[in-house]
Amino acid sequence: MTRIPLRPLARILSARNRGENPDVIERENIRLRNEAVRDKARLRAEGRLLVLGVLFVAAFGAVGARMGLLAATVPVEPEVSMGGNSILAQRADIVDRQGRVLATNLVTHSLYAQPRLMVDPQGSAKKLVQIFPDLDEKRLVADFTGAKKFLWLRKRISPEQMQMVHEIGDPGLLFGPREMRLYPNGSLAAHVLGGASFGREGVHSAEVIGTAGVEKTFDGWLRDPANNGAPLQLSLDLTVQSTVEDVLAGGMKLMNAKGAAAVLMDVHTGEVVALASLPDFDPNTRPQPLVKGDPSDSPLFNRAIQGVYELGSTFKIFAVGQALELGLVNPQTMIDTKSPMIWGRHRIRDFHNYGAQLSVTEVIAKSSNVGTAHIALMIGADRQQAFFKSLGLMEPVPLEIAEAAAGKPILPKRWPDITTITTSYGHGISDSPLHLAAAYATMTNGGTRVVPTLLKTDKVQKGERVISEATSVKVRDLLRQVVVRGTASMGEVPGYSVAGKTGTADKTKPNGGYYEDKVVTTFASVFPSTDPKYVLIVSLDEPVETSGTEPRRTAGWTSVPVGAEIIRRVAPLLGLRPSVEPVATAAVTLAGN
Amino acid sequence: MTEMVFGTVRASAGEPVIPRWWRTIDKWTLFGVLLLFGIGLLLALAASVPLAEKNGLPPFYYVIRQVFFGGVALAVMLLLSMMSPDQVRRLGVIGFLAAFAALVFLPFLGTDFGKGAIRWYSLGFASFQPSEFLKPGFVVLTGWLMAAAQDVGGPPGRLYSFILTVVIVVMLAVQPDFGQACLILFSWGVIYFVAGAPFMLLTVIASLAVAGGVAAYNASEHFARRIDGFLSADIDPRTQIGYATNAIQEGGFFGVGVGEGTVKWQLPDAHTDFIIAVAAEEYGLVLVLGIIALYCAVTVRSLFRLMKERDPFTRLAGTGLACAFGVQAMINMGVAVRLLPAKGMTLPFVSYGGSSVIASGIALGMLLALTRSRPQGEIGDIFLKRRR
């Protein structure tokens, strides 16, 4: 406890000496000090209260002055001062690799009404219904005469409709400019472009946002004013794309297929020159996505990217290529092909029985499941998986398109030897045609990894090495033999030295098992085989070729002729010169026999 | 005889209550408040009709309610104004305790009426906002603590009142009700200022308040959006401020005419927070300036009367009440003209609202009681001067 000294000490001490009570003196002293403090506080408070009073007068004066200032200004129309929230309407164009327009903007008009400005709501409603028959006259009249101050009538109208509305002459019917996205080529490259729709809307403009495809992936870039309206240049070539789509549509019809996909890609740069999926749609009037049933039945479904199927025998070249790279076999090595091959409770058969042994070249040319299975067993599960991974077959292709992430491969959950066997000929593993294109490009371009892109680069990808240059040459020769004397003999295009591999895979039922008569046929090709420039994948969904006595469904009869026709028409457009077959390839052929 | 036996009838000690009240009351403030209440009813006739229509009630339903609550408020005010400072102090402290308890239980028993902040008790026929009733009690208690702290050997009232303020401000900020929190903080600051706060400390507190504001801006999205709206250069016409500004401009000097206004149909809070916009639109600048002058007169005149007051408690509590009243009015009107960021704060006596008008009645009743003219012992001043 702190001791408070008694004050005033002198008087208290003398009082004590006199024997008086010092408390009285102290109390008196405290009273006096209190009074002094209060007087001081009061004087200070007087000054401070005055300050407060002046501050209040000033503050109320400021509020009053501000009120007066506001009252003296003329009110402006609310629409005029729409600052801080303006919508940027400029969206950059999208062009193909030669600068031809794929997507652009068109100024149209929207129609809205301000019922308070209308002179003849009933008459205007009647005339509006004549112009736009799907409007309901009763509802319009109710809206025009009700409490609404604003309502949208049409988000986009044509110039003719705009003129007709003008002629109604009602001041309450107003137009706002509307930039809409236009795809002048209609359904061409629809799946790549995707589509766009309106985002935030105001009277004076509306935001256009990408909803799918590159429009969605590059939405931010396309709307970025910092680009100064520079167009987005894709790797697609309009002419080639158009040709591919034409031929593919014709082939799909001839082969009675329910769908088709094609990917044409540069093997060195990874640029996708054409990418088609049929049936397609018009991005100008993008259909609604299916809400029930199989999404792959919708035209919006991109078979080339989202359509993951077991791609069948096209996978055989991966097993053989890896075995060559590992030095396990050479093209002349004889492989056991006795059919059926028994592995546990599984029997592996070939389409025909090819006898006891075939050379590696023949295994590929004749597409022997048994032969490939034996080669795959030499490689083993671990090395096989690592090889698939290095080809990009185990994860979605990172293409610059919103749907690419959906193209996720379906992989076996476990990888016992039987899986090694089946995946070696493309069963039990599902990939998209785009996966296949990337893998074939990697196998044949000299052996370096290629990642597909939709942007024009013209730059050779220096990816990681997957197989050696020499193995890549051998792979090309093997694939060439498939066309020269194997299952893809209809794929020969004079002068362009096509190399490729067929694949016919039974479709899987939704709840397990395989369909007997539903197949996906694939032709994976590279051309020219001497120095591959492009890879083309053609895939048909449920094709049946019926020109013969019995329906034929193999890829050699369905996808291969379509692929060959595409190459025949597209190669000159791509600037490839037809050439005479080099003799060296023939020498290999002879040696194989 | 009777007188001889029992002595004369004893004359009462003082003069009768009502005449003394009438003689000593601040008549200007009293009439100012009555006038404000009258204007409030006039504006309620205009501004509460859209709300009644929206809720499917007779058009003047809210006017009748306001007359009822206003009557209660005026009665409370007159009753309180007859009290002595000591009675005001006792009542104020008891009232504070009750309101504080109500505030504490608010998170458990209160309702938010779908407005996102739990500030009300629903009583069925009416709602009750404890923070409105807390203010006058808080001011009286703070005045008492501060006055006691001035005495030699008195309690550390400044510290106690500061802790109390912080507790209440935190509770209100949690609701969140930053407007009332600011008002509580401001009342405490003003009382402390008049009680003799050192200037150094005032500076520190001012900078702390700024820092707190920045923290609230960063922490609360609700708060940040309002500040952003205030700071952006041009007015978005679809915000409340935009409508209010437009209404003031439409009104001009003499208004668009009684009942001709449109802003009351557009703003959901036209009958409370933005009543001044309705007044400006329908009656023009003339009425608005009149209202501002009335608030200014009530506040400044009360402060002026308190300057002469010798009793520290009366002076401090009176200052707090007058300033809280003035600042609440000023913030409300300042928001409408965009001098201040948007805050949900009512215009005392003019805005519609039972809690608001009764709480204002209590506050003004106490203020009137404290500003009554009393013998101030001016002779002491003369002695004081002579002693020096």
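Of B:K264/B:K343; A:K316/A:K507; A:K292/A:K389, which sit over 29 Å apart, Cα to Cα? Flagged as over cut-off: A:K292/A:K389.
For the pair A:I30 and A:V57 in one chain, pulling the backbone fully straight at 0.36 nm per residue adds 5.8 nm over the alpha carbon distance.
For the residue pairs A:K413/A:K518; A:K216/A:K456; A:K40/B:K27; A:K253/A:K533, the alpha carbons lie more than 23 Å apart in A:K413/A:K518; A:K40/B:K27; A:K253/A:K533. Helix A:433-444 and the longest principal axis of the C-alpha atoms of chain A enclose an angle of approximately 60°.
Working note: Cα gyration tensor of the protein assembly as shown, eigenvalues times five, square-rooted, sorted largest first, giving semi-axes of 91, 37, 23 Å.
In terms of its C-alpha gyration tensor, the stretch B:1-160 comes out oblate, because a/c is 1.5 or above while a/b does not outweigh b/c. In angstrom, the C-alpha Rg and Dmax of the stretch B:247-335 are 16.4, 51. For the stretch B:51-149, chymotrypsin sites (Phe, Trp or Tyr not before Pro) are listed when DSSP marks them as loop and at most 16 other Cβ atoms sit within 10 Å of their Cβ; the list is B:F60, B:F113, B:F125. GNM remark for chain B: springs join alpha carbons under 10 Å apart, and the peak mean-square fluctuation among B:S48, B:S122, B:S356 falls on B:S122. Using a cutoff of 8 angstrom between alpha carbon atoms and counting only pairs six or more residues apart, the relative contact order for chain B works out to 26 percent. Each part reduced to its alpha carbon centroid, the stretch A:466-495 and the stretch B:42-64 end up 88 Å apart. Using the average count of surrounding beta-carbon atoms within 10 Å as a protection proxy, the listed peptides A:568-578, A:432-442, A:251-261 rank, highest first, as A:432-442, A:251-261, A:568-578.
Readers should treat all values here as calculations from the given coordinates under stated rules, not as data from a laboratory. This is a predicted model, so every value here is computed, not measured. Backbone-built Cβ (ideal geometry, glycine too); neighbour counts: all protein chains shown.
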